[in-house]
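**Q** Can you read through this structure? Questions will come right after.
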Amino acid sequence: MRLPVTGNALAPERRAGRLLKRLLGAADMRTFAVQVADFLDAEGLTGILVGWRGNATPLRAHDATAVRAGDVALADLALATDGWALDESRQRVACAIHQGAGDEGFGLICDGSAASREHVEDLCELLGPLAETMFEKCRMADSMHQLEKSEQLQSALFTIADMASSDMELGAMLRALHAIVGRFMYADNFYIALFDEQQDALRFIYLKDTTDPLVRDANEFIPMAEMAGGLTWHLIRDGKPLMGSPEDIRGQVSGPTREIGMECFDWLGVPAIVGDKVRGVLVVQSYIKRPRYTAADQALLTYVGSHILTAVDRKLAQEELETRVQQRTEELQRSVLIQKALFRIAELSHTTAHLDEFYGAVHRVVGEFLDARNFYIAMLSDDGSTVHFPYFVDQFGSTAQARPAGIGVTEFGMRHGKPLLLDMRDASTIEWIAALERSGELLITGRDCVAWFGVPLVVGERAVGLLAVQSYTDGVGFTERDCELLTFISYQIANGLERQRAAAELLHAYADLERRVAARTVELSEQISVRERIEQRLKHQVLHDSLTGLPNRAYLREQLVWAMSQRSRDSAFSFAVLFVDLDRFKVINDSVGHLVGDALLQEVGSRLSRCVRGGRDMVSRLGGDEFAIYMEVDATDGCVRMAQRVLDSLREPVRVEGKELFTGASVGIAMCAPHYSSPEDILRDADIAMYRAKSGGRHRYELFDTRLHDQALTLLETESDLRRGATRQEFLPYFQPIVRLKDGSIVGYEALMRWNHPEKGILAPGAFLHVAEASGMMETLDWHIFEHAMRVIPKLLAPGQYVNLNFSARHFRSPDIDERFIALINECGVKPGQVRIEVTEGALLENPEQIGAVFRRLHERGVEIALDDFGTGYSSLSYLHRFNMHTLKIDRSFIGDLQANEQRSSTAIVRAIMALSSSQGMEVVAEGIETEEQRAALLSLGCTLGQGYFFARPQSLESLLAAR
């Protein structure tokens, strides 16, 4: 029997249109189900229950109160059959509206019987497509929600990474991280704690709590023993996330718990794990009743937490580095101030006329570094019987008089012979003083002080006095650092006092000497006048040429030094040097004799002197037939005109002893320039220009055009070739064998860079290495050689052999160089033991801490380190121990003069290196072996490995393979 249908029932098509308009606007499945129930109610059904289930959600109903006993079982029966089920006893029917993939379904339960099946199924068939569309709509909405959440998470991770590398202060960064966590979950109460495994302590670097008054110092390490049983303690010890109410969490932990702070409603904590170690924790909690944290919140906090910890670690490392740099800077600044103070004390000891002035100046210097309001200097008499106080300053105006040496603290400090610091607030110090007073060794008198520090002034091995500072003010004392400073200054003061005392003694001697000198002044005045005249003649002879009377090379050099100094003060000042060399003078000298040649030089000097301007120019004879003219110029054409005048003056013949001689000159001109640092530089360039003029045909002049320009062009061309060569893969490794000296068997190779230049052929590094380093291409070329060498290792190496690769200092400026190198090894399929790296001693000095860490990580991966050119650099033994070197390579400079059975300096050095390497358990390779004698000598010294031209020159892979 069908249920009654209202008279205004619509055709299925019209009803579908109405349903589409009404039902598809539902925001979610529950709203859709309520509207379906309303529709079915309007269609005359009773006892309606609309239910649905998704693939990941349980069975739900549009109205939980409408569920009757047996309805759930009836719905399961309908799903298990053909979408229809009937409960005749209860007159209830169940019909599937939509069945999707998996567990997805939408259905109806209502009052009815077998007779109502057709009507109910018609309605369900009408609603089926709408339900399917609604499921698809909800799935799309869920996907959009997940996508938005993923985008937010990705944006948050980018923000965290940016903050880690920014200059943001740590506190501000932590607050920003808190805000990021709050975007994804309730995080009004949030804290981050770092765990120090060595100290077994926690540091709460960030804590924000809206309810609990408990406060943690961000820089304080709290021992885990104090946190025992707390939720954070369990989070660290168990190393797994905890979530839920405190009661729930008690069932999740491995031991008893105790409350620390106020009890919360809900708590979520995740450990931040690096490797297999817990590095810290992130915790959010709620004191108010609200939806509890979910597994999704836990997973999100765990994921975001690892990035937060990385950011925090980087920021902490950055701040630690900045702190260390600041401390180092302050130490350096303090060292500079101390050094200046010592220089001032040393200067004062020479410049102050009286000891009283010196003592006061020393007091002012000491007062710059510590509280020296109460300061005195005590001096012991030469016989040691009396103590004098030549300088005494006390804030209460007390004075000190000379007294017999006794057992006072001043005398005790001098007898003690070492710096003595007394802190009168320290119980152990008071007890120590009391013991000395009972034994009669010490008696402290005078005003009670809070702290006293004295340093003996030692000259030779004897304490001649004592420098002391003391404090009467609570809270003002002296530190060990003050002690070190004052002790260091005392050495200078002692030396200064000794110099002052010696100066005072000398003063009396000088006064007596002056009286004696005054008596002899009248007698010596005539002798002095004679000596001055002789000195003037000698000075003239020293600075002038004896043949021509012209200034000589020394005089010219002084003039050029003055001119260069003048130019450094006044850039508008300009000068030039003309280098004049007579043409064919040797022919004249050899043909007519030296006397005629000397006369010719005198005439040439006279003519050159007539060419110059008095007061601004100077002619000098440098030697032989070489002359030079110094002249002040305003522009280049001035010196050119001067050169032409010189050439014109020598066109006329020179008549000497009835002979008519013709000579010419070649003139080189060099203008002053900023790059000239010495007179020799500008004379050299003028000489080069003169030779250029002479080679160009003689009796002409040439202006120096600075070959630096040509060199720059050459460097530019080489750099361009380098860049093209790198792009064209023109750089390749040549391999030089490393052999056993005993039998010549190969144990490995050193990969050496060569350039296969398309025009110049194979070039050694000396032809281009300096340009590559200057242009910043060295690292690129090195990595090209590394990759090339590793890819040929399977062809090149026999079992047990290895290849050495040379690393420059620049590579170690990158802290992840080892990771990149290991990645290349893995990419090329090479075993780490087949590759070793070579570094020079100079490379270790740039950043020893970072380089040491890189070496340790490489060693752990199986890559060994060799120290190249050992003995030519710093040769620091501490570096050998510190950097855990595997191999020492003896520089070729120690191998060159080695001979068997001969004791030379290089033999001793090599023997010392062998002993050192043996004690450190290091392998030794000798470089540059070229003769059998060197091989035999090295064997006799215990060296077993080597390389050099005696065994083989560096060769390409093809040559090595062809020779096998």
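All of the numbers you see were taken from the coordinates with simple rules; none came from a lab. Keep in mind it's a predicted model, so treat the numbers as computed, not measured. Cβ: placed from backbone, ideal geometry, glycine included. Neighbour counts: every protein chain shown.
**Q** Under a point-charge model restricted to the Cβ atoms of Lys and Arg (+1) and Asp and Glu (-1), what is the dipole moment magnitude of region 166-322 relative to its Cα centre, in debye to the nearest 20?
**A** Magnitude of the dipole: close to 540 debye.
**Q** In Å, the Kirkwood hydrodynamic radius of region 296-455 over pairs of distinct alpha carbons? It would help to have the intermediate numbers written out before the result.
**A** Numbers: mean 1/r = 0.0490 Å⁻¹.
Final number for the Kirkwood radius of region 296-455 is 20.4 Å.
**Q** Compute the distribution of all C-alpha to C-alpha distances in region 12-144, in bins of 10 Å from 0, and list the percent of pairs in each, rounded to whole numbers.
**A** All Cα pairs considered, the percentages come to 12, 48, 33, 6, 0.
**Q** Relative to the first principal axis of the alpha-carbon coordinates of the chain, what is the inclination of helix 817-827, with its axis defined by its Cα atoms, in degrees from 0 to 90 and to the nearest 10?
**A** Taking Cα atoms only, the helix is inclined about 60 degrees.
**Q** I would also like to ask the following. Report the one residue of ALA101, PHE855, LEU420 whose Cα lies farthest in the direction of the positive end of the charge dipole of the chain (charges on C-beta: Lys and Arg +1, Asp and Glu -1; origin at the Cα centre).
**A** Farthest towards the positive end: PHE855.
**Q** Further, regarding this structure: For region 531-570, state the average projected area of the convex hull of the C-alpha atoms over all orientations, rounded to one decimal in nm².
**A** It is 3.5 nm².
**Q** Restricting attention to the alpha-carbon atoms of the chain, what are Rg (one decimal) and Dmax (integer), both in Å?
**A** Considering the chain through its Cα atoms, Rg and Dmax are 48.3, 162 Å.
**Q** So if I take the centroid of the Cα atoms in region 88-120 and the same for region 403-467, what is the distance between those two points in Å?
**A** Centre-to-centre distance over Cα atoms comes out at 107 Å.
**Q** Which residue, chosen from SER959, VAL656, VAL304, occupies the Cα position most advanced towards the positive end of the dipole of the chain, where the dipole is computed from +1 (Lys, Arg) and -1 (Asp, Glu) charges on Cβ about the Cα centre?
**A** VAL656
**Q** Sort all Cα-Cα distances of region 368-442 into consecutive 5 angstrom bins from zero, then give the percent of pairs in each bin up to the one containing the longest distance.
**A** Spelled out per bin, shortest first, that is 3, 13, 19, 23, 21, 16, 5, 0.
**Q** Given the rule -39500 (n - 2.57) for each run of at least 4 DSSP H residues, summed and divided by the residues of the chain, what is its mean residue ellipticity at 222 nm, to the nearest 500 deg cm²/dmol?
**A** Counting only the DSSP helices, I get -15500 deg cm²/dmol.
**Q** For region 483-578, report the translational diffusion coefficient in µm²/s to the nearest whole number, using Stokes-Einstein at 4 °C, 1.567 mPa s, and a Kirkwood Rh over Cα pairs.
**A** Stokes-Einstein gives a translational diffusion coefficient of 67 µm²/s.
**Q** If N is the number of residues in region 716-963, what value comes out of its Cα radius of gyration divided by 2.2 N^0.38 Å?
**A** In units of the 2.2 N^0.38 Å rule of thumb, it is 1.01.
**Q** Ranked by Cβ crowding within 10 angstrom, fewest neighbours first, how are MET778, MET144, MET690 ordered? Can you show the working numbers first?
**A** On the way: MET778 20, MET144 10, MET690 25.
Taking fewest neighbouring Cβ atoms as first place, the list is MET144, MET778, MET690.
**Q** Between VAL281, ALA937, ILE430, whose Cα lies farthest towards the positive end of the dipole of the chain when Lys and Arg beta carbons carry +1 and Asp and Glu beta carbons carry -1, centred on the Cα centre?
**A** Positive-end residue among those listed: ALA937.
**Q** Sticking with this structure for a sec: Rounding to the nearest 20 debye, state how big the charge dipole of the chain is about its Cα centre with +1 on each Lys and Arg Cβ and -1 on each Asp and Glu Cβ.
**A** In debye, rounded to 20, the chain gives about 1840.
**Q** Give me the percent of DSSP beta bridges within region 544-706 that run antiparallel, rounded to the nearest 5. Mind showing how you got there, number by number?
**A** Values: 25 of 28 bridges.
Beta bridges within region 544-706, antiparallel portion: roughly 90 percent.
**Q** Let me ask something else about it. In whole angstrom, how far apart do the alpha carbon centroids of region 277-329 and region 639-655 sit?
**A** Result: 87 Å between the Cα centres.
**Q** By per-residue mean of other Cβ atoms within 10 Å, what is the highest-first order of 243-251, 717-725?
**A** The most tightly packed comes first, giving 717-725, 243-251.
**Q** Which values, in whole Å and largest first, are the semi-axes of the equivalent ellipsoid of region 206-295 obtained as the square root of 5 times each eigenvalue of the Cα gyration tensor?
**A** Values: eigenvalues 74, 58, 36 Å².
They are 19, 17, 13 Å, listed largest first.
**Q** Let me ask something else. Calculate I(q)/I(0) for region 544-706 by the Debye formula, one identical point scatterer on each C-alpha and no solvent, and give its log10 at q = 0.11, 0.19, 0.21 Å⁻¹ to two decimals.
**A** One equal scatterer on each Cα of region 544-706 leads to -0.41, -1.19, -1.43.
**Q** Another question about this same structure. Counting every Cα pair in region 189-257, what percent are over 19 Å apart?
**A** In whole percent, the share of Cα-Cα pairs in region 189-257 beyond 19 Å is 36.
**Q** So which lysines can LYS240 reach, going by Cα to Cα under 17 Å and dropping same-chain residues fewer than 8 places off?
**A** The qualifying lysines are LYS277.
**Q** How much space per residue, in cubic angstrom, does the convex hull of the C-alpha atoms of region 270-339 take up?
**A** Per-residue hull volume (Cα only) is 123 Å³.
**Q** Between region 903-945 and region 470-546, how many Å separate their Cα centres?
**A** 54
**Q** Roughly what would the spin-label model give for TRP562 and ARG258, points 7 Å off Cα along C-beta, in nm?
**A** That separation, rounded to one decimal, is 9.2 nm.
**Q** Moving on. With the radius of gyration and the Kirkwood radius both derived from the Cα set of region 166-322, what is their ratio Rg to Rh?
**A** My calculation puts Rg/Rh at 0.93.
**Q** Please work out the Cα convex hull volume for region 648-688 and give it in Å³ per residue.
**A** Working: hull volume 3.6 nm³, N = 41.
In region 648-688, the Cα convex hull volume per residue is 87 Å³.
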